[in-house]
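Heads up, the thing below is written out as structure tokens.
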Amino acid sequence: MKLSVIGTGYVGLVVGTCLAETGNDVICVDVDERKLELLKKGISPIYEPGLTDLLRKNLHEQRLQFTTDLPYAVKNSEVIFLALPTPPAEDGSADLQHVLDVAKNIGRVMDGYKVIVNKSTVPVGTAERVRALIAVETTHEFDVVSNPEFLKEGAAVNDFMKPDRVVIGTRSPRALALMQDISAPFIRTGNPVILMDERSAEVTKYASNAFLATKISFMNELANVCEKVGADIDSVRKGMGSDPRIGPQFLFAGIGYGGSCFPKDVRALLNTSASNGYSFKVLASVDEVNKSQRERFVEKIVTHFNGNVKGKTITIWGLSFKPNTDDMREAPALTIIERLLAAGARIHAHDPVGMEEGKKRLGTTVTFFDNNYEAVTGADALVVATEWNEFRRPDFDRMRTLMKTPVLFDGRNIYDPARLAEKGFVYYGIGRNRAGS
Ligand code: NAD
């Protein structure tokens with residue numbers, strides 16, 4: 001099938017590449033020429049496991065093209081996926097400027113029946129707005145489908161190739177037939193394609209992210225209570241997660257969620273609720289708890305140094321908002337670094353794949369190290385902000401000799417407090433025990 005994907009970022013690039021991998025001819029469009037030049041050479045501008053191999057293979061087999069030419073893409077495809085940014089506006093609502101502009105431009109150059117499939121996360125009613133905008137521009141037939149994307153950065157290729165479910169929001173049998181055809185290779189093991197109307201599909205995406213964010217904030221608040229009462233959140237997590245009605249997934253306490261999706265999607269759903277006359281109280285707390293969790297962690301660090309971190313060298317392991325990605329949008333590590341720098345600390349940083357992005361964001365305010373042991377040399381404390389696998393089993397004896405003082409703030413609860421105490425570290429986790437927390 002001839003397809004195009006407009007927006008070649010974390011979602012669009014994975015979607016385009018995976019659709020080419022299943023035999024479609026795919027044209028990926030972006031406005032960022034620098035990005036497109038890299039992609040044409042088979043270089044991925046983002047870190048995503050497995051993506052580069054697929055990108056090179058499909059470029060080589062000539063199923064994948066990269067261009068800035070939207071009219072060319074529209075004329076040469078029947079189905080057009082939108083994977084455009086929907087960043088938060090001042091009031092928390094999703095900014096639809098990119099989606100609506102592109103929709104209008106598609107309408108202007110359409111030369112026959114097209115299906116416009118929205119993969120961006122957009123507020124309820126967007127499919128109708130896109131339809132109305134295109135209808136003004138063209139006399140050709142078209143359908144607008146809501147097909148929210150559930151891939152996770154760090155596991156995006158696998159998630160797209162083997163989705164838990166595919167949600168298709170449309171009432172058009174013609175568009176549905178095309179969507180089922182495109183989706184078929186990805187759901188061969190029987191995972192469901194869930195059909196619904198466009199509005200419900202739009203809400204489903206926000207509902208999923210908001211619920212996952214709620215789990216995280218709930219566990220973080222519970223961890224804060226555990227600290228007060230001398231209980232261990234990790235034991236509590238295991239005890240509660242074994243109830244099948246609760247389940248073991250997504251119950252890890254830490255320094256809060258980040259990334260380009262959860263924070264913005266929680267705020268956008270809050271905004272949609274409020275602008276429709278409903279106050280979504282649980283979700284307002286989810287957002288508030290997430291913000292305060294980072295501040296509590298900084299307070300813990302500052303309190304350890306008796307309220308004064310001026311001149312202290314604090315090493316940060318992990319800058320990305322989660323492991324296996326170089327994405328630092330709304331990363332907790334950045335808030336922590338900002339606060340510690342403002343309080344006069346010197347920051348050493350290391351991230352397994354995010355050094356380039358980190359340097360772009362933090363410049364010379366931070367000293368970067370390619371090696372995690374070099375990063376802790378001479379440090380007064382180490383902060384683990386992202387639970388990269390590489391950080392899980394370090395040589396603590398070596399670290400103790402390298403660090404000025406062996407103090408470890410474990411923002412992701414990846415270490416055993418007893419083991420760290422044995423190794424001579426002062427250990428702080430999240431909700432782990434009364435003494436250390
Ligand atoms: P991104 O910022 O990584 O990528 C967006 C791309 O669109 C960029 O390359 C940008 O240059 C390009 N672009 C902007 N305006 C354009 C235009 N007019 N024409 C062509 N290209 C244009 O964003 P992303 O993380 O891929 O997210 C895209 C959408 O998917 C958002 O709505 C997001 O909420 C949603 N989503 C993201 C994820 C995720 O994990 N990142 C998961 C599911 C859904």
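The values are calculated or read from the model by the stated rules, or taken from the named source; none is laboratory data. Quick caveat: nothing in here was measured; it's all calculated off a predicted structure. No Cβ is skipped: glycine too gets one built from the backbone with ideal geometry, and neighbour counts run over all protein chains shown. Just the protein is used for accessible areas: all its heavy atoms, side chains included, with ligands, DNA and RNA removed. Shrake-Rupley method; radii C 1.70, N 1.55, O 1.52, S 1.80 Å.
See the values below:
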{"read-out": "Percent antiparallel among DSSP beta bridges (both partners in the chain, rounded to 5)", "value": "5 percent"}
{"read-out": "Cα-based equivalent ellipsoid, the range 267-326: semi-axes from gyration tensor eigenvalues, Å", "value": "34, 17, 8"}
{"read-out": "Cα-based Rg and Dmax for the range 322-375, where Dmax is the largest Cα-Cα distance (Å)", "value": "10.7, 30"}
{"read-out": "Kirkwood estimate for the chain, i.e. one over the average of 1/r between Cα atoms, Å", "value": "23.3 Å"}
{"read-out": "Separation between Cα centres of the range 104-144 and the range 335-361, rounded to whole Å", "value": "42 Å"}
{"read-out": "Per principal axis, descending, Cα span of the range 2-195 in whole Å", "value": "41, 39, 38"}
{"read-out": "Highest-first arrangement of 295-304, 35-44, where packing means the average Cβ count within 10 Å", "value": "295-304, 35-44"}
{"read-out": "Along principal axes, Cα extents of the range 197-437, largest first, whole Å", "value": "60, 41, 31"}
{"read-out": "Around HIS60: net Lys/Arg minus Asp/Glu count, Cβ-Cβ under 15 Å", "value": "+1"}
{"read-out": "Selection from VAL74, PRO85, LEU59 lying farthest towards where the dipole of the range 45-90 points positive, charges on Cβ", "value": "LEU59"}
{"read-out": "Reduced Cα scattering model of the range 159-219, Debye log10 I(q)/I(0), q = 0.19, 0.28 Å⁻¹", "value": "-0.78, -1.15"}
{"read-out": "Amide H within-cut-off set for ILE194, under 5 Å, with H built and near neighbours excluded", "value": "VAL166, VAL167, ILE168"}
{"read-out": "Net charge over other residues, Cβ less than 14 angstrom from the Cβ of HIS348 (K, R count +1; D, E count -1)", "value": "0"}
{"read-out": "Cα centroid of the range 414-429 to Cα centroid of the range 55-81, whole Å", "value": "52 Å"}
{"read-out": "Rounded accessible area per residue of the chain, 1.4 Å, Å²", "value": "44 Å²"}
{"read-out": "Relative packing of peptides 134-145, 380-391 - highest average C-beta neighbours within 10 Å first", "value": "380-391, 134-145"}
{"read-out": "Total formal charge among the other residues, if their Cβ is under 14 angstrom from that of THR204, Lys/Arg +1 and Asp/Glu -1", "value": "-2"}
{"read-out": "Nearest 10 degrees, 0 to 90: helix 10-21 Cα axis against the chain principal axis", "value": "50 degrees"}
{"read-out": "Sequence ranges 340-348, 415-423, 6-14, ranked by mean other-Cβ count within 10 angstrom, highest first", "value": "6-14, 340-348, 415-423"}
{"read-out": "Potential lengthening between THR365 and ASN276 on full extension [0.36 nm per residue; Cα-Cα distance subtracted]", "value": "27.7 nm"}
{"read-out": "Whole-percent carbon and sulfur share, accessible surface of the chain, 1.4 Å", "value": "51 percent"}
{"read-out": "Cα centroid separation, the range 161-186 to the range 244-264 (Å)", "value": "28 Å"}
{"read-out": "Derived scalar couplings ³J(HN,Hα) [the range 233-245; Karplus, 6.51 cos²θ - 1.76 cosθ + 1.60; whole Hz; x for Gly, Pro]", "value": "4, 5, 5, 4, 4, 5, x, 7, x, 7, 6, x, 6"}
{"read-out": "Whole-Hz couplings from phi, Karplus 6.51/-1.76/1.60, listed for the range 112-124; x for Gly and Pro", "value": "x, 4, 9, 10, 9, 10, 8, 9, 5, 7, 10, x, 3"}
